[in-house]
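Each remark here refers to the structure printed beneath this line.
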Amino acid sequence: MTDTLNASSRSLTPPRAAAVAGIAFSALMIGSLGIIRVAVPDDPTKPGIWLTDATARNAVRLALNLVPFAGIAFLWFIGVLRNRVGALEDRFFATVFLGSGLLFVGSLFASAAAAGALVETAPAVNIQQANNEIYYFARRVSYTFLNVFAIKMAGVFMFTTCTIALRTAILPLWVAFSVFVCGVALLVVISNWLWIALLFPLWGLLVSTQILVADRMGRR
């Protein structure tokens with residue numbers, strides 16, 4: 001009985017739990033961002049005619065409802081990675097790692113909240129008024145939180161993750177250096193191309209898959 005309980009308690013321990021959480025975060029983020037990018041015009045200054053389309057509004061609602069679960073999975077991913085590093089954790093990089101991750105989630109939630117308020121409020125008022133006032137303001141707020149603050153914090157998170165990986169050897173070198181490339185893209189590239197936000201969850205999917213594969217090979 002004790003052996004069974006111990007085996008159950010280890011079934012989702014690091015690194016497997018990190019991989020599962022990372023894959024869940026990546027899938028939810030890719031799905032949410034993909035739906036929004038398809039349903040909503042790229043240019044935030046364009047009129048909000050799409051708000052009159054019930055199908056588009058429902059699609060955006062679905063995408064926004066996925067965001068909290070993506071944030072929870074990402075927080076779990078952070079916690080499991082820190083647990084895996086353990087005693088090798090450097091306080092400086094650990095602080096930046098945790099802080100950038102929390103700021104990313106906060107900015108992501110703020111962007112989703114602004115977008116959700118727009119979707120629920122705009123149909124209740126005159127569409128012309130929404131275009132001129134509510135629509136433009138809400139879209140700019142949501143756009144800025146996601147494509148400026150959240151993306152930049154994601155870049156910092158990737159840099160610190162790469163540094164920790166190189167210092168502790170928890171990831172292969174090719175994965176760690178790929179993080180630098182992705183981090184530079186998120187920090188330097190001006191986010192006029194909105195699809196660049198998918199780079200972060202795609203990187204998370206790569207890292208999580210590699211962790212899961214390495215864990216399975218180590219169990220053989």
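The values are calculated or read from the model by the stated rules, or taken from the named source; none is laboratory data. Every value quoted in this text rests on a predicted model; they were computed, and no experiment measured them. All Cβ positions, even for glycine, are placed from backbone atoms using ideal geometry, and neighbour counts span all protein chains on display. Keep in mind that these areas ignore ligands, DNA and RNA; they rest on the heavy atoms of the full protein, side chains included. Shrake-Rupley method; radii C 1.70, N 1.55, O 1.52, S 1.80 Å.
Can you pull out every residue in the range 140-153 that is open to solvent by 30 Å² or more (accessible area, probe 1.4 Å) and either at pLDDT below 85 or not polar (S, T, N, Q) (or both)?
Of everything in the range 140-153, those that are open to solvent by 30 Å² or more (accessible area, probe 1.4 Å) and either at pLDDT below 85 or not polar (S, T, N, Q) (or both) turn out to be R140, V141, Y143, F145, V148, F149, K152, M153.
Determine if the range 177-188 includes at least one residue that is surrounded by 20 or more Cβ atoms within 10 Å (Cβ to Cβ) and among the aromatic types (F, W, Y).
no
With respect to S191, is the statement that it is farther than 12 Å from M158 by Cβ, at pLDDT below 75, out of contact with any Lys or Arg (no Cβ under 8 Å at 6 or more places or on another chain) and open to solvent by less than 30 Å² (accessible area, probe 1.4 Å) true? Before you say what the answer is, go through the steps one by one.
Details: farther than 12 Å from M158 by Cβ: yes; at pLDDT below 75: yes; out of contact with any Lys or Arg (no Cβ under 8 Å at 6 or more places or on another chain): yes; open to solvent by less than 30 Å² (accessible area, probe 1.4 Å): yes.
The answer is yes for S191.
Determine whether F177 is among the hydrophobic types (A, V, I, L, M, F, W, C), over 20 Å from A21 (Cβ atoms) and within 18 Å of the chain's Cα centre (by Cα).
Spelling it out, it is not the case that F177 is among the hydrophobic types (A, V, I, L, M, F, W, C), over 20 Å from A21 (Cβ atoms) and within 18 Å of the chain's Cα centre (by Cα).
From (1) β-branched (V, I, T); (2) surrounded by fewer than 21 Cβ atoms within 10 Å (Cβ to Cβ); (3) modelled with pLDDT of 85 or more, pick out the condition that doesn't hold for T121.
(3)
Is it the case that R91 is at pLDDT below 90, open to solvent by 60 Å² or more (accessible area, probe 1.4 Å), touching a helix residue (DSSP H, G or I) at 6+ places or on another chain (Cβ under 9 Å) and over 25 Å from A114 (Cα atoms)?
So R91 does not fit the description; no.
How about the range 154-169: which of its residues are open to solvent by 30 Å² or more (accessible area, probe 1.4 Å) and not small (G, A, S)?
V156, F159, T163, L166, R167, listed by residue number.
Are any residues in the range 43-60 in a helix (DSSP H, G or I), under 26 Å from the mean Cα position of the chain (by Cα) and either at pLDDT below 80 or closer than 19 Å to W195 by Cα (or both), and if so, which ones?
Initially, the range 43-60 is screened for residues in a helix (DSSP H, G or I), giving 49-52, 54-60.
So of that shortlist, the ones also under 26 Å from the mean Cα position of the chain (by Cα) come out as 50-51, 55-60.
Within the range 43-60, W50, L51, A56, A59, V60 qualify.
Would you check if V85 is modelled with pLDDT under 80, of a type in the set (V, I, T) and in a helix (DSSP H, G or I)?
For V85, the condition - modelled with pLDDT under 80, of a type in the set (V, I, T) and in a helix (DSSP H, G or I) - is met.
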